[in-house]
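Peer 1: Quick one: this structure, given as structure tokens, is what I'll be asking you about.
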Amino acid sequence: FFEDTNAFFIMKLKEFESILQGIKPFEDPDVELEQYPTSPHLAAAMLFTIQSSFEDIEDKNVLDLGCGPAILAIGSCVLGAKNVIGIDIDEKAIDLAKRNCEEIEADVTFLNLDVSKMEGIEDLLSRLSLSNQNEGEEEESEESEKESDKEEKDKNEEKKESGEEEEEEDEILDHIDTVVMNPPFGTRKKGIDMIFLQKAIRIAKSAVYSLHKTSTRDHILKKCVEWGVKGQVVAELRWDIPKMYKFHKQKSLDIQVDLIRIDTSEYHAKNDEDKG
């Protein structure tokens with residue numbers, strides 16, 4: 001039984017990885033932002049572990065912080081996430097991420113933001129609401145140019161007849177369950193990895209999943225204790241980083257990384273109590 005289950009797991013994982021291979025990596029990576037591509041193999045292993053072990057993706061509201069080309073965001077969509085949001089400081093990365101979504105047919109909402117300047121969940125939801133409002137106005141403008149009065153009338157009648165569809169359109173995103181991310185290591189901007197973690201903890205209602213060098217494990221777990229959250233290493237992985245920048249001397253570099261899970265449920269429950 002266990003051998004069959006393991007074979008099924010491997011087959012599904014390979015199938016998932018093959019889908020992610022269609023995602024284009026950074027076209028013009030910025031070394032100052034530490035833009036290194038999360039490989040399809042690494043992303044698949046990371047997301048599959050999150051879903052199979054903790055069920056923190058399917059039917060959840062998922063946020064990818066520092067999304068880059070959006071491989072984690074798109075992978076979350078493939079695994080059945082309810083809503084997926086991707087945030088990145090680099091506008092070119094966001095444009096690429098949108099093209100990748102079109103190619104894979106993944107539904108992801110993107111925000112061009114500096115993660116370090118985000119205030120928390122309220123700030124994020126406010127920015128999302130404004131972004132959706134602006135997109136809605138643009139779509140309405142395009143539709144009015146393309147559609148005749150008769151087509152518009154037919155569309156309104158269909159909406160009235162379909163109560164379920166109307167309900168879905170009116171649904172408001174009011175929380176983020178899970179944050180997934182492969183943040184900068186902090187080699188160019190010291191401490192940026194800790195800033196990403198702190199922002200993620202403030203936003204995720206249930207859990208944060210983040211990739212970090214194994215050499216920083218003790219430091220990160222110690223910080224989790226200081227911040228009042230539970231951190232644990234749920235997978236030890238290897239990240240093969242190709243030669244991308246002039247200062248790279250090797251064709252590729254194999255780095256040991258940890259997938260760290262941070263349980264934020266008690267942290268937010270306590271904060272809610274304090275507010276109450």
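The values are calculated or read from the model by the stated rules, or taken from the named source; none is laboratory data. Because the structure is a prediction, the values reported are computed rather than measured. We place every Cβ from the backbone using ideal geometry, glycine too, and count neighbours over all the protein chains shown. Surface accessibility is based on the protein's heavy atoms, side chains included, excluding ligands, DNA and RNA. Shrake-Rupley method; radii C 1.70, N 1.55, O 1.52, S 1.80 Å.
Peer 1: Going by amide H atoms built from the backbone, whose H comes under 5 Å of the H on Arg238, apart from near neighbours?
Peer 2: Val257
Peer 1: Take every Cα-Cα distance within region 44-123, group them into 5 Å bins from 0 onward, and report for each bin the whole-number percent of pairs it holds.
Peer 2: 3, 17, 26, 23, 18, 11, 2
Peer 1: Past 18 Å, Cα to Cα, is the threshold; run Lys230/Lys275; Lys117/Lys199; Lys117/Lys230; Lys12/Lys205; Lys82/Lys199 against it and keep the listed order. Don't jump to the answer; show the numbers that get you there.
Peer 2: Numbers: Lys230/Lys275 21 Å; Lys117/Lys199 9 Å; Lys117/Lys230 24 Å; Lys12/Lys205 28 Å; Lys82/Lys199 22 Å.
In this structure, Lys230/Lys275; Lys117/Lys230; Lys12/Lys205; Lys82/Lys199 exceed 18 Å between Cα atoms.
Peer 1: Follow-up question, since we're still on this one. Using modelled backbone amide H atoms (1.01 Å from N, in-plane), which distant-in-sequence or interchain residues come within less than 5 Å of Asp64's amide H?
Peer 2: Ile85, Gly86, Ile87, Val180
Peer 1: How do 224-236, 201-213, 53-65 rank on mean C-beta neighbours within 10 Å, highest first? Intermediate values should be presented prior to the final figure.
Peer 2: Numbers: 224-236: 14.8, 201-213: 23.1, 53-65: 20.5.
So the peptides 224-236, 201-213, 53-65, ranked by packing, come out 201-213, 53-65, 224-236.
Peer 1: Ok, one more. Taking all protein chains as present, what is the carbon and sulfur share of the accessible area of region 1-113, in % to the nearest whole number, probe 1.4 Å? Walk me through the numbers before you get to the answer.
Peer 2: Values: 2770 of 5610 Å².
Carbon and sulfur: 49 percent of the exposed surface of region 1-113.
Peer 1: Order of 23-34, 180-191 by packing, highest average Cβ count within 10 Å first? Write out the running numbers ahead of the final one.
Peer 2: Working: 23-34: 15.5, 180-191: 17.8.
Sorting 23-34, 180-191 by mean packing, highest first, produces 180-191, 23-34.
Peer 1: I've got another one for you. Could you do me a favour and compute the accessible area per residue for region 33-76, 1.4 Å probe, result in Å²?
Peer 2: Values: 1200 Å² over 44 residues.
On a per-residue basis, region 33-76 sits at 27 Å².
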